[in-house]
1. Rounded, prolate or oblate: which fits region 213-287, taking a ≥ b ≥ c as square roots of the Cα gyration tensor eigenvalues, rounded meaning a/c under 1.5, else prolate when a/b beats b/c?
2. Can you spot the lysines whose alpha carbon is less than 16 Å from K221's alpha carbon? Ignore those fewer than 8 places along the same chain.
3. Just to confirm the filter: which GluC sites (Glu not before Pro) across region 433-479 are DSSP coil and have at most 15 other Cβ within 10 angstrom of their Cβ?
4. Which entries in K110/K293; K120/K295; K293/K364; K22/K46 show an alpha-carbon gap greater than 20 Å?
5. Grab the other residues whose beta carbon is less than 13 angstrom from that of E79, score K and R as +1, D and E as -1, and report the net.
6. If each residue of separation counts as 0.36 nm, what is the full-extension length gain between S83 and S17 once their alpha-carbon separation is subtracted?
7. Just add up the charged neighbours of S331: K/R +1, D/E -1, any other residue whose Cβ is under 15 Å from the Cβ of S331.
8. Which lysines have a Cα lying under 16 Å from the Cα of K421, excluding residues fewer than 8 positions away in the same chain?
Amino acid sequence: MKRTEIKDLLERADFGSKVNVKGWVRTKRGSKNVSFIALNDGSTIKNVQLVVEMSPAMEPLLEKIHTGAALSVTGDLTESMGSGQKVEVHATDIEILGVANPNDYPLQPKKHSLEFLREKAHLRYRTNTFSAIARIRHAMIFAIHKFFNDRGFYNIHSPIITGSDAEGAGEMFQVTTLDLNNIPKNEEGKADFQTDFFGKATNLTVSGQLEAELAALALSKVYTFGPTFRAENSNTTRHLAEFWMIEPEVAFCDINDDMDLAEDMLKYVIRYALDNCKDDLEFLSKRLLDEEKNKKADERSMELIEKLNFVLDNDFERITYTEAIQILRNSKPNKKKRFQFVIDGWGADLQSEHERYLVEKHFKKPVILTDYPKEIKAFYMKQNDDGKTVRAMDVLFPQIGEIIGGSQREEEYDKLATRMKEMDIPEESMWWYLETRKFGTVPHAGFGLGFERLILFLTGMGNIRDVIPFPRTPLNCEF
Ligand code: 4AD
Ligand code: MG
């Protein structure tokens, strides 16, 4: 018999029909005469209730069914008398596809800590929290492609192995086939990459931006959506060594158009989640309330769905870095030295505590900061006439801090070449990038959205390791 997915089954009302469902047991309870099994197949956060009447044929089967077992169940679709569900299946035939021994199976029908589940990442998809996150991740991938496709952007595959450092921050994972126990040396006594696979030193990309720029200077509107890798040793709840980034790049576009695009895109995908991921968001909202129930009222986060609507309903506040520094210097936590990093002057890099102060306490809405000091930003950003600042724009969100980093790009050859020299960016690995400024250069701009930071925001989870299936962080690459 053809299988019906639980998501579809729960919408049906043709009571009396024979149906087949397949899935994994979440719970089994009952009495001598009747058992109730909650079955989930991942198509929805909801389970279907199976009602199994005890019989000599069913008894030995039921003994083998525990949380985690995989079943194929055929039965009659029945209107449910119980609360919480409209339909249930009265099982007439059960096949155990895979048992799960309760003495070994780590996921019991009780609340497990997120830390525990991180150690069971191979099984955590089977929990409500992680299956909800997986479905929301999927919906957001789809919504992002739809947003750009509907606006005439082309998706570009930027390379994963590169010979350049797009951010110039030196936080790269090297890619090599050299024998690390016997590294060939050149005349200077350094590793001889000429004998390496690509005949040069290579690494995993930190960003697809530079290649996206090449494409934008021919196709006008492009975006990349790929994995990026950063060997920064920051053990925070917002950093991964491997994360996914969405990077649009647009020709004939300045920093203001860039900010409009970023705000439109974020609002579009948040609305998409509200419209298409209702059950999962409602579950995650309850999870968050439960997690924070012991916190003081002023330490609790805003209710999840309210928070998403709040972002939709407000224009993002756009201010310059210089204005932000003024606000921060005069702020209470700065004066009382409650910030870990006290702001004492212009030029300081902002930490997430400062970003969150601006968003959560001062403006009480998302903020876009522009025109940062050139010293704390990448070499490719368009230089302002003041000689001090660049046309950067960072979008700051409640709970997250920086969710997007972007800029208008320096399109003038001389200015870019000079800046690259000042910052010791080797021209021989970047000549092709510079060359675009010689041939038909135009003003252009783009940004990078950290996909996992978006999912953190949407799900209300507290740790970025819980919104990517298999997180890579320092000293952690188990699964
Ligand atoms: O600000 P970033 O470093 O900007 C770039 O990479 C530019 N090339 C983007 C562009 O203009 N095309 O990174 C962009 C975003 C950040 O705002 C943050 O959301 C995310 O990527 N991000 C990280 N997410 C998780 N773990 C990390 N280690 C991250 N580093 C950056
Ligand atoms: Mg940044």
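Read the figures in this text as sums done on the coordinates, not as results from a lab. Everything numeric here is computed off the predicted structure, so don't read it as measured data. Glycine also receives a Cβ, built like all others from the backbone with ideal geometry; neighbour counts cover every protein chain displayed.
1. Because a/c hits 1.5 or more and a/b fails to exceed b/c, region 213-287 counts as oblate.
2. Reachable lysines: K146.
3. Here the GluC sites (Glu not before Pro) that fit, given the DSSP loop and packing criteria, are E478.
4. Details: K110/K293 18 Å; K120/K295 27 Å; K293/K364 23 Å; K22/K46 14 Å.
Pairs exceeding the cut-off: K120/K295; K293/K364.
5. Overall, the nearby charge balance is -1.
6. Between S83 and S17, full extension yields 21.6 nm more.
7. +4
8. K421 reaches K374, K377, K382.
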